[in-house]
1. Within region 55-68, can one find any residue that is among the polar types (S, T, N, Q), in contact with a helix residue (DSSP H, G or I) (Cβ under 9 Å, 6 or more places away or on another chain), farther than 22 Å from Arg79 by Cβ and modelled with pLDDT of 75 or more?
2. Exactly one condition in (1) of a type in the set (Gly, Ala, Ser); (2) in contact with a Ser or Thr (Cβ under 8 Å, 6 or more places away or on another chain); (3) modelled with pLDDT under 75 is false for Ser13; which is it?
3. Would you please name the residue that is surrounded by the fewest Cβ atoms within 10 Å (Cβ to Cβ), looking only at residues in region 42-82 that are out of contact with any Gly (no Cβ under 8 Å at 6 or more places or on another chain), under 26 Å from His7 (Cα atoms) and of a type in the set (Ser, Thr, Tyr)?
4. Considering Glu39, Glu8, which residue is exposed (fewer than 11 other Cβ atoms within 10 Å of the Cβ), at pLDDT 75 or above and among the charged types (D, E, K, R)?
5. Looking at the structure I just gave you, is Leu24 modelled with pLDDT of 85 or more, loosely packed, with under 13 Cβ neighbours inside 10 Å and of a type in the set (A, V, I, L, M, F, W, C)?
Amino acid sequence: MKDLLGHELEPYSMAVEKEKIKELAIAIGDDNPITEGWETKAFTVSALTGEGVSHIWKVIQKYKQVTSRNGFFGKRRKRTND
């Protein structure tokens with residue numbers, strides 16, 4: 001792994017059925033891995049250079065707004081605090 005540090009890798013994606021994600025999540029104790037009203041995406045962010053940080057912060061704020069509005073954020077927060 002150390003020989004990969006500092007090198008840019010080709011993007012990788014893999015199609016996975018939502019039902020398979022749910023099966024895995026249930027197996028590890030998360031009964032609702034799919035966030036209703038939100039499409040999960042991956043972003044490139046570097047704390048070292050700052051690249052993408054402002055964009056990912058906007059995405060985080062939008063996630064909180066969407067999930068607060070539909071009640072998901074509060075339910076998940078309550079479950080983690082219990």
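The values are calculated or read from the model by the stated rules, or taken from the named source; none is laboratory data. These numbers come from a predicted model, not from an experiment. For neighbour counting, all protein chains shown are included, and Cβ atoms are generated from backbone atoms with ideal geometry for every residue, glycine included.
1. no
2. Of (1) of a type in the set (Gly, Ala, Ser); (2) in contact with a Ser or Thr (Cβ under 8 Å, 6 or more places away or on another chain); (3) modelled with pLDDT under 75, only one is false for Ser13: (2).
3. Thr49
4. Exactly one of Glu39, Glu8 is exposed (fewer than 11 other Cβ atoms within 10 Å of the Cβ), at pLDDT 75 or above and among the charged types (D, E, K, R), namely Glu39.
5. The answer is no for Leu24.
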